[in-house]
Every structure is written in C-alpha cells, then in structure tokens.
Amino acid sequence: MSLDPALKARFDELTGSSKVVLFMKGNRRMPQCGFSSRVVEILNGMLDEYETVNVLADADVRSGIKEYSDWPTIPQLYIGGEFVGGCDIVTVMAGNGELHQALGIELEEVETPEITVTEAAAKALAGALDGATEGLRFKIGDGYRYELTLGGKVFGDLEVQAGGVSFLMDRASAKRAPGTVIDFVKSAMGEGFQISNPNEPPKVEQITAPDLKQLLADRGDQVAFVDVRSQAEWQTARIEGARLLDGSTAAWLEGLDKAETVLVFHCHHGMRSQTEADRWIAKGFKQVLNLAGGIDAWSRQVDSAVPLY
C-alpha cells in the first residue's frame, strides 16, 4: 500500500524542517522508550540543537513514518532530509566516527579528566573486573546519571587512569567528569558505589514533613516556604508560615539571595510542588526542597490540626 500523498508531503516537510530530525517516542527532554533515550543521549553529546517529532502524539505519524522510510522501528534519524537509521545503526555510527562525519562535526579537543577512585572503590572494581574480557566504561549522561559498565573502546573514547583503575569514557562524559570522586560505601541500606561530582548542577531535594518541621525550627529565617496550591485549597487547609504562590510571592522570591535562601515548596501530595521547585532551581537557586507527600503528609505526620481533604 502506497503512502497517502498528503502524508508523504507532511513527512517531506518534517524531515526537511531542520538539518537533524529525530522521530522518536516522547521528546528530547522526556524520551518514552529506551531506544529513543539512547539516540537522544548520543545526539545530545554532539549537538546543541536538533528537532524531535513525537510519534506517540499522532497515530498517522507513528505508522506512516515506517512506510515513508521503509524501516520498521522507532526511533528514526534523518540528517539533511535523508534517512540515516534507527537506534542500532546510530549507535554503531557514533562508535566508529561515521555519525560525526554525517553531521559535519569535527572532534573537539577534550582534556583527560582527573578523577579520584578511593581505595575501597578500587578494590570493589578489581573484584568486579576479575576475568572480564572487556574494559570498564564510566559514563556521565544527561542529568548527571552515572553508569559503570563493561564494554569495548569506541571511536573518540578517552582512557582515564585513577587509583590503579583504567576507565574508558566518551568525550561528553569526560567533559563532565573533572574532580569526580568514586567511592564504595557500606551502610544500613547495603553497599555500593557512591559518586560525587562538583560539576553536577543543584537538584531539587525531597524533605519529609518531620524534617521540614525541624528545619523551620532551626533555620526558619533562611527558609522561604511556599504553597503552590489553589486559593480554594488554601482556604481549606494551610501550614502556618507558608506563603501562597501568587504574583507578589513570585516577585518576593525573585529578590531573594539565590545561594543562601532555602526554598521549600509544597502542594497537596507533592507533585505540583515538584514541578514548581524544578522551575525555581532552573532560575539559579541552589537550595530547593520539595515537601514529600505535601500538606497531606504534614497533617498525618506533624500536625493533625491541619485538615485532611
């Protein structure tokens, strides 16, 4: 069955809308399958800008792109309007240098990073590598997700020596790695590798209701406590000391010291406040907390006088 001419024209327009176009499940910020996530990660390590098309948002696009390219799977990468391949092909091309050539990218000079491997981590890694036929790969992905895996050397890799351990790192990981410390720790929760990286951007931290109560008691003058719920919810139940997020509260927050102020957000159960907390950490605040479980947890764990609803 031939592709509908109108749909073909639509794909012609989409594939030609940018030099690099990726048809995927989800979008660049939030891939919704492992294969799409893998290709996004590869492209993010090479490009600042490229276009993505979410096939899950349109059934015609999801089925039609497979006929358009004569390729049965998603994701699909197009460069200069030409189909390149799916996840496996893109991964191989990234490994042998062909993808750089297709994108017209010259490998930039990347210094071999200095990282620290503690004695405990070196011992644990030596045990894990005993008898291994492949090298140890250390990856720092988007969002500073860390992976220690086995794998062979691929195009562009750097070899890093630390604590008697040899790592293979792709160039994007190497740029994120200087100053990283790899440790191996044991706790009541078990044992495992612990990685700290001074280059990692601040993240929103979760705080329990009892810990928030203690924080407000100890450092209340440094805490900006913000309620992101609706006015109606505010009238139903509220936590003493929290300010409802409105225009005046937002303006007040903008004027606070971004390094010293501790921002704490809460909503009913913790989901809306997480989204708002992410917004404010993106504005440059260094200490941003989200009340896990929201006002519901506060009522159940700290102050039963606050109504449940």
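Values quoted throughout were computed directly from the atomic coordinates according to the rules given, and no laboratory measurement underlies them. Remember, predicted model here, so these are calculated numbers, not experimental data. Ideal geometry is used to build each Cβ from the backbone, glycine not excepted, and the neighbour counts take in all protein chains shown.
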With 10 angstrom as the radius, rank Tyr68, Tyr144 by how many other C-beta atoms surround their C-beta, starting from the fewest. Tyr144, Tyr68
For the chain, longest principal axis from Cα atoms; helix 209-219 axis from its Cα atoms; angle between them, nearest 10 degrees, is 70 degrees
Prolate/oblate/rounded label for the stretch 38-90 (Cα gyration tensor, a/c 1.5): prolate
So what's the net charge close to Arg219: Lys and Arg +1, Asp and Glu -1, counting the other residues with Cβ under 14 Å from its Cβ? -4
What share of the DSSP beta bridges in the chain is antiparallel, in percent to the nearest 5? 55 percent
On the formula 1/(1 + (r/R0)^6), with r taken between the Cβ atoms of Lys153 and Lys19 and R0 of 41 Å, the FRET efficiency rounded to 0.05 is 0.90
Length gained, Glu114-Ala102, 0.36 nm per residue minus C-alpha separation, equals 1.2 nm
Give the total of Lys-Lys pairs in the chain with Cα-Cα distances below 17 Å; include a pair only if its members are 8 or more places apart or on different chains. 10
Rounded, prolate or oblate: which one fits the stretch 5-103, using the alpha carbon gyration tensor with axes a ≥ b ≥ c (rounded when a/c is under 1.5, else prolate when a/b beats b/c, else oblate)? prolate
Å³ per residue enclosed by the Cα convex hull of the chain: 201 Å³
Report, to the nearest 10°, how far helix 119-129 tilts away from the longest principal axis of the Cα atoms in the chain, using its own Cα long axis and a range of 0 to 90°. 40 degrees
Which of the three applies to the stretch 116-196, rounded, prolate or oblate, going by the alpha-carbon gyration tensor with a ≥ b ≥ c and a/c under 1.5 meaning rounded? oblate
What angle, in degrees between 0 and 90 and rounded to the nearest 10, separates the Cα long axis of helix 34-44 from the longest principal axis of the Cα atoms of the chain? 80 degrees
Which of Ser273, Ser17 comes first, and how do the rest follow, when ranked by fewest Cβ neighbours within 10 Å? Ser17, Ser273
Of all DSSP beta bridges in the stretch 5-103, what percent run antiparallel (nearest 5)? 65 percent
Max mean-square fluctuation residue, GNM over the chain, Cα-Cα springs under 10 Å, options Gly163, Gly241, Gly179: Gly241
Find how much the distance from Arg243 to Asp4 grows on full extension, using 0.36 nm per residue of separation minus their present alpha carbon separation; answer in nm with one decimal. 80.5 nm
